[in-house]
Amino acid sequence: MFNGLRSILGRRRLLILGGAVAATATVLLAVVGVSSGAKEKTLTVAFVSQGTSNSWAAQLDAVARKTAKRLGVKLVYFNGQGDATKQLPELQRAIAQRPDALVVVPLGQAADTGPVERAMSQKMKVVLCDSKVNTNNYTSLVNPDPATATVPLTKWLTKKMAHKGNLLYIGGLPGNGTTILYDQGFFKVMKQNPKVHMTKAGNSNYSISTAKQLAATAIASGKKFDGAWGVGGEAVTGIMQAFIDAKVKPIPPIAGAAATNGTLRLAVQNHIQSAMLQFPPADSKVCIETAVKAAKGKKVPKYINISLLPQYGNLYPPLKRYYKPQYSDDMYVGTDKVLNRSELAALNLVKKK
Amino acid sequence: MFGRVRGLDVAEDAATTDTRRGVEGAPPARSPFERLREHRARVYAFPLVLPSLVAVLLVVFEPGFYRTANLHVLMQQWSVLGLVALGQLLVLLVAGIDLSVGAVMDASLIIIALMNRNGDHLLASLVLCICFGAGVGLVNGLLVSLRDVPPFAATLGTLACIEGGILVYTKGIPAGNIPDSLRPVALSGVGIVPYSLIICLVIAAVLMFVLQRTTYGRKIYAVGRSPEVAHRAAISTTQVRVAAYVMCSVLAALAGIVLSAYVGYVDPKIGGNYNLESIAACVLGGVAFTGGEGGVIGVLAGALFLRVLVNVLTLSSLNVFTQLIVQGAVMLVAVAAFQVIKRRTALERW
């Protein structure tokens, strides 16, 4: 047959035809190869974390990693080491790698502003996770809003106090952004309750030990408290521990905690009426999902208020529903919804029998 | 028993006169008024006069302060700071400083929490805490004495290593618990006096005896005032310094144990403020940064003053921001007044 063709077309023509067929096939293969490669290209998300400096950050990181794996994106981790000055060069390093999206857990509101704006100018998708920076030039902000979340909590507390009596208040860290937002919501409601007299015992500086010492002193003054408010989980844990150790019965209603399994345990075991908000590390799931969506060119909201999502809403009695005795005190509510038991065990969050 | 330090009296005549007085030579009989007129007595009286003055003012302005429950709480809190400050005193006396005491306290809590996570291993965990403290003190002491690393840098480095080690080991999640059997150390006691304060006062008494009545105590003061002179007087400055750092860290570990018992919850940053507070208590108590000056009673009084200040501000229900200002201002006034008295007495000596 080949000899027949050669005789019909001639050797030269046959060679030209063969070359043309081969070239067409090569071009077709190249086109098909590129398009299938584009479909399989893995997105890269740079995650500039706070760094595993405490249990909240450890859970935040673990949830972010798992979410990235589930979504099939490459997560490049940058460790902020719990310090704004150490996080800044990490953020700059992350931008230099030109990822498809950048998720930042800002430690320095002012310091991180410049790099975030630079990343945006380089057409990167930037998602701020759990804290703001001093600019609106970002793709999306995923953050709980204590200023709004504390309003119903304070209302619950003052209602429990029948809108009168003595209230023990322990603050957070002076000047800290979260503390300021907590206070905004709390004092807004307190202004409407002039018959509630506040005893401001001091600032806990987000230390359980300091909060306990301040609360113990206030309780020892002999004043009868009808309610207590602490800015953050540490303050509330310290307050609860102080009431328990002082053998006050019944312990007055306490609100303000960022819900952990530990605060829930104290409340459940000691029959304390308590209401808590959520500052969940599990929200890094939302941060990563938003970043991936944005990187894929989909539209994402400029602000996602975590406190308004049903799974991250405030917790009210009965708190037994939320307490998980099989897990350690450090576990934040919601982490077990993302991580399975073996992943929680790897984080020391499962109690051994 | 209280032998003389070889050559000290020749090399260091004026510096050690006061500490040796009353031990070797028979002091001339003096009235209390005369003794108060003496320079050093006047300086050391300040930390005692200050809390006394505060105590009188409290009767008038904050009578709730003298409630039994409040005094009990105050004593609980004083004992912790007292223990740390006593350790800091030893290091400051040899012209050092220890910024790792807070980290040692954190580590004590973590050791207790982790070792008692799956059962009661209280005794073993307590022994380990003390051994850990001794180890940290040994490292600090050797770095400062043998490698001439400035105490500030050496102990800051140790602090970073301990905090980093805790994070690496726990992955940021300590996840243990404080055993109930430990809690009576801070919560129970004799009458209103908690056991923790009894422990603190016993240690203070032993320390006072050692500093005032033993050769080792005089060596500490000698090394702090002039290491060169002490060295010429055949005192092993290395031994004295290392021992001071070891004691300091052991006391910090003990304070960590007591504070863990008091708080009763795993707070991995339990020692947070104690670095600066222990130094502040020492300074208020008349301890000099330059070394060789200060004593146990002054330091305990300084620690008590700080705790009373926080206690009164808490009871006062002032605005939390104003509380910070008042706290800082009172401390500044107290330290400034103390420095004025010290300078005047120094001038009078000339």
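Seen through its C-alpha gyration tensor, with square-root eigenvalues sorted a ≥ b ≥ c, the range A:146-277 comes out rounded because a/c lies under 1.5.
Select from the range A:297-351 those trypsin sites (Lys or Arg not before Pro) which occupy a DSSP coil region and have at most 16 other Cβ atoms within 10 Å, ordered by residue number. Don't skip to the end; give the middle numbers.
Numbers: sites: A:LYS298, A:LYS299, A:LYS302, A:LYS320, A:ARG321, A:LYS337, A:ARG341, A:LYS351; in loops: A:LYS298, A:LYS299, A:LYS302, A:LYS351.
Passing sites in the range A:297-351 are A:LYS298, A:LYS299, A:LYS302.
Taking Lys and Arg as +1 and Asp and Glu as -1, the other residues whose beta-carbon sits under 13 Å from that of A:ASP245 total +3. Count Lys and Arg as plus one, Asp and Glu as minus one, and take only other residues whose Cβ is under 15 Å from that of A:ARG65; the net charge is then +2.
Could you sort the peptides A:133-140, B:128-135 by per-residue average Cβ neighbour count (10 Å cutoff), highest mean leading? If you can, show how the numbers build up before the last one.
Values: A:133-140: 17.5, B:128-135: 19.2.
So the order, starting with the most tightly packed, is B:128-135, A:133-140.
Counting only C-alpha contacts under 8 Å and six or more residues apart, can you give the relative contact order of the range A:146-277 as a whole percent? Once normalised by length, the contact order is 27 percent. Neighbour counts of other Cβ atoms within 10 Å put A:VAL248, B:VAL54 in the fewest-to-most order A:VAL248, B:VAL54. Modelled spin-label separation between A:LYS302 and A:LYS123, with each label point placed 7 Å from Cα along the Cα-to-Cβ direction: 2.3 nm.
Two decimals is fine: what's Rg over Rh for the protein assembly as shown, C-alpha atoms, Kirkwood radius as Rh?
Values: Rg = 31.8 Å, Rh = 28.5 Å.
Across the protein assembly as shown, the Cα-based Rg/Rh ratio is 1.12.
This ranking places B:ASP148, B:ASP98 by how few other beta-carbon atoms lie within 10 Å of each, fewest first, which gives B:ASP148, B:ASP98.
Sorted by average packing, counted as other Cβ atoms within 10 angstrom per residue and highest first, what order do A:303-316, B:298-311, B:324-337, A:165-178 take?
The densest-packed peptide leads the list: B:298-311, A:165-178, A:303-316, B:324-337.
Using R0 = 60 Å, the C-beta based FRET efficiency linking A:ALA162 and B:LEU53 works out to 0.90. Note on the range A:185-344: with charges restricted to the Cβ of Lys and Arg (+1) and Asp and Glu (-1), its dipole about the Cα centre is near 520 debye.
Across peptide A:343-350, the average count of Cβ atoms from other chains found within 10 Å of a residue's Cβ is 3.
Other protein chain C-beta atoms within 10 Å of residue C-beta, averaged over A:198-207: 5.
Would you mind ranking B:ASP120, A:ASP112 so that the residue whose beta carbon has the fewest other beta carbons within 10 Å leads the list?
In order of increasing Cβ crowding within 10 Å: B:ASP120, A:ASP112.
Taking 4.7 Å between beta carbons as the limit, the unpaired Cys residues of the protein assembly as shown are B:CYS129, B:CYS131, B:CYS161, B:CYS200, B:CYS248, B:CYS282. Shape analysis of chain A places it in the prolate category; the axes a ≥ b ≥ c from the Cα gyration tensor give an a/c of at least 1.5, with a/b above b/c.
Look at the stretch B:303-316: the mean tally of other chain Cβ atoms within 10 Å of its residues' Cβ atoms is 3. For the range B:206-342, the Kirkwood hydrodynamic radius from C-alpha pairs, put into Stokes-Einstein at 4 °C and a viscosity of 1.567 mPa s, yields a diffusion coefficient of 76 µm² per second.
Rule-based calculations on the coordinates, nothing more; no lab input. Just so you know, these numbers come straight off a predicted model, no measurement behind them. Backbone-built Cβ (ideal geometry, glycine too); neighbour counts: all protein chains shown.
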